[in-house]
Amino acid sequence: MDSRVSELFGGCCRPAGGAALRGRGGTAPGSSSSLSSKAKKKNGRGRGGKANNPPFLPPEVGAREQGAAPCPLKLVNPSQYRFEHLVTQMKWRLQEGRGEAVYQIGVEDNGLLVGLSEEEMRASLKTLRRMAEKVGADIMVLREREVDDDSDVPRRIAEVLVRKVPDNQQFLDLRVAVLGNVDSGKSTLLGVLTQGELDNGRGRARLNLFRHLHEIQSGRTSSISFEILGFNSKGEVVNYSDSRTAEEICESSSKMITFIDLAGHHKYLKTTIFGLTSYCPDFAMLVVSANTGIAGTTREHLGLAMALKVPFFIVVSKVDLCSKATVERTVKQLERILKQPGCNKLPLLVNSDDDAVTAAQQFAQSPNITPIFTLSSVSGENLDLLKVFLNILPPLTNSKEQEELMQQLTEFQVDEIYTVPEVGTVVGGTLSSGICREGENLVVGPTDDGKFLRLKVCSIQRNRSACRVLRAGQAATLALGPFDRSLLRKGMVMVSPEMNPTICSVFEAEIVLLFHATTFRKGFQVTVHVGNVRQTAVVEKIHGKDKLRTGEKAVVRFRFIKHPEYLKIGAKLLFREGVTKGIGHVTDLQAITTKENSLEESLGPGQLSF
């Protein structure tokens, strides 16, 4: 492992209560770096091996300065008062980490790796398990190692994952977009992960993921599909191999990974871009075939993830088809691209469980690190390393940011529209802000004439199971009852009636022209993607310039050619037309003012669902 990676390792919190416990989840009292695996790799030792490096980690921030008691070293037989105090701190850290915390045992506040004897370690883990039971959580030892000191008695430090037991569907949900060139093995890998069975080498594992007959016949994904992989409170995989329905997976899981399977073929690029911009993935998984290397749309998908600032990791698939030299050549090719000035990433090849734990802890904290996995969906080689990584992968937002979003007014992005027999009209999408409950009255729009229509949320489902309350950042489907489906389209928003949403046909954006064959001028038409909005717009004006060439920046005024849209200042923007591509962000809106009675005027027979 590169020495620069070790310098970046850090950011885990250390709950007071001994054993220098570090809880991952926001900036909890006393933050410090996590357990470094560099020494273990350097000395060729696995779990429990001797480490010859100086037993130090960066010192912990003073807990007293942040309003918490400093950390004692051990958790051996604490008094009842002390135990209750430790339980309270664990509750706080689980709340900050949205149900997860990683603790380290055997490290002092100043970063010294003191370690504990076997008896002390056993007693500390027993106390930690009692604390977890008290708050309704489970613990799982991620890794252990011996500390190299002058003592005759072996001393160890351990890293422990504490995770809440699922309660009323309040599991931690992470969304992972799956990118990669056509025939790189994306759908097959998801089928193996979610179904629990290895592929037969001819694509059997991917059949359950396809939505259309032509996808089954061609073996290529053309639409956006969703698959779920769960982990219970003990870190065990929960998938369709031991659960019949998605509802059973949700009930048994404390953490849920929702995979967004996107198309790899270039002719479905607009669908792939829509999946990245609209479904707000937390992370992206770029799948590269070991035998073909970086080919087709791989570079384009990599560029999309970077342009939209979606943290990504790489999976090199089909290693069973290639020699070791071919796999190494593909990995070196990836490393060379990641280190280029345009990327500035630090590739981290994951070869062991310890690497997977370290990569997961640091991936969300350091935007420079890009883990690389080499695996096979047929032989199952290194598949467990990816599962370990996904199990420990932390959320990007902490509980404070989540609370702030939930306190805002309700805003739900409409990404999919269905008609379900005996249910009526159903919309799928993501709740951007606020809280949505069953029976809540909202307005949806804008329509072609810029109006908003009243509707009522009849029922809610998350991951194909019933849910009464939807919170900010969660994806779900909402049943709207008899509401007329023809009045809805992708790109609309459902908002609280008190919001008074701003809509516009004309907006300005600061853009960077990534590529254009000639010059980008006034009157040029492009397809604009802003969140779940996807519409053709015409360039009305380029401020300060007559034309743009590849690599140039400018503020450009766009006009939608069909109907107004709901946009926000600061929203990320991506536009394309053929080989022309550009990115930027919205800087100004020319709002359309709507009449106060526009809601009532736009209502006709059968359009009210309450």
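Roughly to the nearest percent, how much of the accessible area of the stretch 219-275 is carbon and sulfur, given a 1.4 Å probe?
Its accessible area is 42 percent carbon and sulfur atoms.
In nanometres, what is the gap between the two model label sites at Arg329 and Thr536, each 7 Å from Cα along Cα-to-Cβ?
4.4 nm
Tally Lys/Arg at +1 and Asp/Glu at -1 over every other residue whose Cβ is under 11 Å from the Cβ of Val555; what's the total?
+1
Note down the magnitude of the dipole of the stretch 503-591 about its Cα centre, charges +1 on Lys and Arg C-beta and -1 on Asp and Glu C-beta and zero elsewhere, to the nearest 20 debye.
Values: 15 positive and 8 negative charges, 35 e Å.
Dipole about the Cα centre, nearest 20: 180 debye.
Heavy atoms only, 1.4 Å probe, whole protein assembly: order His266, His85 by accessible area, highest first.
His266, His85
If the limit is 26 Å between Cα atoms, which of Lys400/Lys572; Lys490/Lys568; Lys255/Lys568; Lys186/Lys568 go over it?
Beyond 26 Å between Cα atoms: Lys255/Lys568; Lys186/Lys568.
Taking square-rooted eigenvalues a ≥ b ≥ c of the alpha carbon gyration tensor, is the stretch 400-495 rounded, prolate or oblate, where a/c under 1.5 means rounded and, failing that, a/b exceeding b/c means prolate? The partial results should precede the final answer.
Values: a/c = 1.91, a/b = 1.25, b/c = 1.52.
It comes out oblate by the Cα gyration axes.
HN-Hα J couplings of the stretch 468-479 from phi, Karplus 6.51/-1.76/1.60, θ = phi - 60°, integer Hz, Gly and Pro as x?
Along the stretch 468-479, the couplings run 8, 10, 10, 10, 3, x, 9, 9, 6, 10, 10, 8 Hz.
Under 5 Å between amide hydrogens, which residues at least 5 positions from Ala571 or on another chain qualify, with H placed 1.01 Å from N in the peptide plane?
Amide H to amide H, under 5 Å and 5 or more residues apart or across chains, Ala571 pairs with Val586.
Return the long-range amide H neighbours of Val316 (sequence gap of 5 or more, or a different chain), with a cut-off of under 5 Å between placed amide H atoms.
It is Val288, Phe373, Thr374, Leu375, by chain and number.
With a 1.4 Å probe and all protein chains kept in place, how do Glu422, Glu508 rank by accessible area, largest first?
Output order, biggest surface exposure first: Glu422, Glu508.
Show me the GluC sites (Glu not before Pro) within the stretch 351-403 that DSSP assigns to loop and that have at most 16 other Cβ atoms within 10 Å of their Cβ.
Glu381
How much of Arg485 can a 1.4 Å solvent probe reach, expressed as accessible area in Å² and rounded to 10?
Rounded to the nearest 10, that gives 110 Å².
With a 1.4 Å probe and all protein chains left in place, how much of the accessible area of the stretch 503-591 comes from carbon and sulfur atoms, in whole percent?
Summing carbon and sulfur atoms, their accessible area is 49 percent of the total for the stretch 503-591.
Can you pull the accessible area of Glu84 for me, 1.4 Å probe, Å² to the nearest 10?
Accessible surface of Glu84 is approximately 70 Å².
Just name one of Tyr418, Ala466, Pro482: the one whose Cα is farthest towards the positive end of the charge dipole of the stretch 404-490 (beta-carbon charges, Lys/Arg +1, Asp/Glu -1).
The residue sitting farthest along the positive end of the dipole is Ala466.
Rounded, prolate or oblate for the stretch 172-396? Axes are the square roots of the Cα gyration tensor eigenvalues, ordered a ≥ b ≥ c, and the cut-off for rounded is a/c under 1.5.
rounded
For the stretch 503-591, just say rounded, prolate or oblate: build the C-alpha gyration tensor, square-root its eigenvalues into a ≥ b ≥ c, call rounded for a/c under 1.5, and beyond that prolate if a/b exceeds b/c, oblate if not. Show your work: numbers first, answer last.
Details: a/c = 1.61, a/b = 1.49, b/c = 1.08.
It comes out prolate by the Cα gyration axes.
Keeping every protein chain present and rolling a 1.4 Å probe, give me the accessible area per residue for the stretch 360-489 in Å². Walk me through the numbers on the way to the answer.
Numbers: 4870 Å² over 130 residues.
Accessible area per residue, the stretch 360-489: 37 Å².
Could you point to the residue in Val165, Gln104, Met140 farthest towards the positive end of the stretch 80-165's charge dipole, with +1 and -1 charges on the Cβ of Lys/Arg and Asp/Glu respectively?
Checking the options against the dipole of the stretch 80-165, the answer is Val165.
Which whole-number value in Å² is the accessible area per residue of the stretch 80-164, probe 1.4 Å?
Details: 3630 Å² over 85 residues.
Per residue, the stretch 80-164 has 43 Å² of solvent-accessible surface.
Ignoring everything but the protein chains, give the 1.4 Å probe accessible area of Ile294 in square angstrom, nearest 10.
Around 30 Å² of this residue is reachable by solvent.
The values are calculated or read from the model by the stated rules, or taken from the named source; none is laboratory data. From a predicted model like this one, the values you see are computed outputs, not experimental measurements. Neighbour counts run over all protein chains shown; Cβ positions are idealised from the backbone, glycine included. Accessible surface is based on the protein model in full, side chains and every heavy atom, while ligands, DNA and RNA are left aside. Shrake-Rupley method; radii C 1.70, N 1.55, O 1.52, S 1.80 Å.
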